1. Do the conditions hold for A:VAL193, that is, is it touching a residue at least 12 places away in the same chain (Cβ under 8 Å), in a helix (DSSP H, G or I), of a type in the set (Val, Ile, Thr) and touching an Asp or Glu at 6+ places or on another chain (Cβ under 9 Å)?
2. Taking into account only those residues within the range A:28-75 that are of a type outside the set (A, V, I, L, M), touching a residue at least 40 places away in the same chain (Cβ under 8 Å) and touching a strand residue (DSSP E or B) at 6+ places or on another chain (Cβ under 9 Å), which is surrounded by the fewest Cβ atoms within 10 Å (Cβ to Cβ)?
3. Suppose we filter the range B:21-63 for residues that are touching a residue at least 60 places away in the same chain (Cβ under 8 Å) and more than 25 Å from B:VAL230 (Cβ to Cβ); how many remain?
4. Output the strands (runs of 3 or more DSSP E) that fall wholly within the range B:57-167 and possess 1 or more residues being small (Gly, Ala, Ser) and more than 12 Å from chain A (Cβ to nearest Cβ), or say none.
5. Anything in the range B:295-307 that is assigned to a loop (DSSP other than H, G, I, E, B) and closer than 22 Å to B:ALA231 by Cβ? List them, or say none.
6. What's the total number of residues in the range B:283-317 that are aliphatic (A, V, I, L, M) and over 15 Å from B:ASN333 (Cα atoms)?
7. Filter the helices (runs of 4 or more DSSP H) completely within the range A:1-100 down to those with at least 1 residues that are modelled with pLDDT of 85 or more and acidic (Asp, Glu).
8. Scan the range B:284-294 and tell me whether some residue there is modelled with pLDDT of 90 or more, in the same structural domain as B:PHE233 (by TED's automatic domain parsing), in a strand (DSSP E or B) and under 26 Å from the mean Cα position of the chain (by Cα).
Amino acid sequence: MDTSRSYLEPSSFSKKLAATIIIVYTVITLIPISWMVMTSFKNVNSAISYPPEVLFEPSLEGYVNLFTNRSRQSQEYLDSLPAPETWYEELVRSREMVITGPSKFLGRYSNSMIIGFGSTFASVFLGALAAYAFSRFRVPLKDDLLFFILSTRMFPPIAVAVPIFIMYRKLGLGDTHLGMIILYTVVNLSLAVWLLKGFMDEIPKEYEEAAMIDGYSRLQAFFKVVLPQAMTGIAATAIFCMIFSWNEYAFAVLLTQFNAQTAPPFIPTIIGEGGLDWPAIGAGTTLFLLPVMIFTIILRKHLLRGITFGAVRK
Amino acid sequence: MSKIKIVNLQKSFGDFTAVKNSNLTINDKEFFVLLGPSGCGKTTTLRMIAGLELPTSGEIYLGDEEVGMLRASERDIAFVFQLFALYPHMNVKNNLSFPLKMQGYSRSEIKTRVEEAAKLLRIDHILNSNISSLSGGDRQRVALGRALVRRPKAFLMDEPLGTLDAEFRELMCLELKKLHIDIGATTVYVTHDQLEAMSLADRIAVMDGGEILQADEPSVIYNKPATKFVASFIGSPGMNFISIDQGISNEQSTLNIEGTNFNIPKQYEISKGKKNSFGIRPENLSLTNEGGLKGSVFGVEYLGSRKIVTVKTNFGEIKVKTDISTSVKINENVQVKPSNDNIIIFDGETDKSLKSEFMN
């Protein structure tokens, strides 16, 4: 018998088994994502060819189509134009089209950014203040309030779509950035309060007491001493909130059309000639994936520490 | 530096009264220790002086100012926590300058003050270290440094040596005492460790059940305890008590226990009832063959220079501190006799010590 390792350490067989399962699972989840990225670099024909092409000549047509509006022109008209000045004009001309202007994608994308980061900031900020209050002060009916906050998560948010739709129309919040930020913040806040309360409970109250003795007010102590120590929890909470508000589709479809429409309801509506422009949609979703991916990679160390935090007493 | 005075201070948490109607005066530049078992209200008292708890009723004076209802940040005191509460996201230098930044000192002034404090506490070589890399003793010094950079009106310390190991605690005790002599700051120090209290304090207040039982110099607390609790809490081991079923009359100077007459200091107070107790410290007792209380040896502890012999008598276990040369065996029949008249009679009804020639 191998006695060189501790009983607590898994055997090499179970380690290998775990690794195999993780690799298989990763491959399965990566297939649609890699297919999406591949599609974004195909041209319209190879994107829908059958059997599907795994090896293909990469093209930036999808990205060009994503960012531009184009119209088909006769060969004589195209010949009469001066030579194209940029590589993307040339690409469009070769398809017998001219660029008529930028598409709405950039606007929708920045709407997503504003609403996503805005509501994430608001959820984390308000959540941290509420969590601190619940953690430190004698709040009347504390347990009931916490349960009440959690109970907003017990139904799918879309279940209240109709009342929210009517409310937003009466309040003039429909199709506004503020409206969407408020909506996503409300949905995320319960999660933020509960997650952050756990972290605040773990921070000994002596730290802010020390800061108050050192001459700081409670609010100053909160910002200078408590928040920096809750960074792990804040990062983890921010990722969860960001992922939700960035990906949210149903409310975005329902409540936004022009002004504040986010990328998720916009991307599937990108239509080319004779149907959906799959490379452009692929390009849109690929670009849409990036911010959350980068955000999560930056904060991933905190995320891992965050979800296991407090599980073991130090 | 200032004197601290608390008047009729009371603190209740719901039905529970943590501090009962307490009065204390802590003199300027005094090292004052609040001593008592856990739950006696000593930490609550300290936290009220600091402003971390607000009193239910009563007044607290810092210097001439009544501060009972002021916020902690408005009181100009420094507090050293049991777990130090050093800010883990700042290095040593930033921890030390944190209280000064709030008070709007110039950068150069902050630098001078931090370096001065660091030099005094011999932590100037670790100013740029992270808190997590420090040893317990260095953390303790940084916590003290953060307290003294501000030159506050008073230092409050809540069992600051509680988490250090025994050897280090002794060293830090000496350093604290020296530091106190050097800077002469009014200090209120909370501990449950009577040895720590004895070695540090100018004066000690012994607390139990939310009440201050006695506040005086260590030698007075030890030799002339005001109540039975103080007598048993102070000293290692504590005072021995022998229950006596007889009243004490004025000018009485002998006491008959189990047919033997013992000399006691001349009493100046009459006991309220007939159930009293006779208290004597282990070092004032000796083992003898006749003329004492009969018993048998129950246990022997060696303390290096002394020996503690526990004798089982009809009045319970009595501990005797004897010379190391005394040789006794377990279960051996011995007798116990006072070797001098350092004897205190405690009134059975009030638990207070009775006035006598010795307890004047």
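1. Here the answer is no, as A:VAL193 does not meet what is asked.
2. Out of the qualifying residues, it is A:ARG72.
3. So the answer is 5.
4. So the answer is B:57-62.
5. Result: B:LEU303, single match.
6. Result for the range B:283-317: 3.
7. Filter on the range A:1-100 gives A:61-67, A:75-80, A:87-94.
8. Looking through the range B:284-294, at least one residue is modelled with pLDDT of 90 or more, in the same structural domain as B:PHE233 (by TED's automatic domain parsing), in a strand (DSSP E or B) and under 26 Å from the mean Cα position of the chain (by Cα).
The values are calculated or read from the model by the stated rules, or taken from the named source; none is laboratory data. In this text, all values refer to a predicted model and were calculated from it rather than measured experimentally. All Cβ positions, even for glycine, are placed from backbone atoms using ideal geometry, and neighbour counts span all protein chains on display.
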